[in-house]
1. Taking the stretch 49-82 as the search range and keeping residues that are of a type in the set (Gly, Ala, Ser), closer than 13 Å to MET1 by Cα and at pLDDT 60 or above, which one is surrounded by the fewest Cβ atoms within 10 Å (Cβ to Cβ)?
2. For the stretch 31-48, give me each residue that is modelled with pLDDT of 90 or more and surrounded by 14 or more Cβ atoms within 10 Å (Cβ to Cβ).
3. So, in the stretch 16-30, exactly how many residues are in a loop (DSSP other than H, G, I, E, B) and surrounded by fewer than 16 Cβ atoms within 10 Å (Cβ to Cβ)?
4. Residues in the stretch 46-58 that are over 13 Å from LEU26 (Cβ atoms) and free of Cβ contacts under 8 Å to residues at least 12 places away in the same chain: how many?
Amino acid sequence: MFRFRLKELMQQKAMTLGQVAVASGLSPRTIKALCRDIVSGRTRLSTLECLADALGVSLCELVEYTSGRAGKRPSKKEEREQ
């Protein structure tokens, strides 16, 4: 699973949601959802590239790999594997 570090990076760069929206060309609603790790369906690579460019970071800095499902309890299978 992946976790978006958008909120953390915005704080580090002292950027507001509105500033990121203007700099990236994305809607504030999209940015707000990504800040909360709420993603319906798939997030396009082009969206992440716009955000990374707006924040002056690489995609690797914006997206973090996590071993579990974002925001959810591990499944029984995942618990057994640990």
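The values are calculated or read from the model by the stated rules, or taken from the named source; none is laboratory data. All figures in this text were calculated on a predicted structure; none of them were measured in a lab. Don't worry about glycine lacking a Cβ; one is built from the backbone with ideal geometry, like all the others, and counts go over all protein chains shown.
1. Across the stretch 49-82, the extreme among qualifying residues is SER67.
2. ILE31, LYS32, THR47, LEU48, listed by residue number.
3. 3
4. Summing the residues that are over 13 Å from LEU26 (Cβ atoms) and free of Cβ contacts under 8 Å to residues at least 12 places away in the same chain in the stretch 46-58 gives 1.
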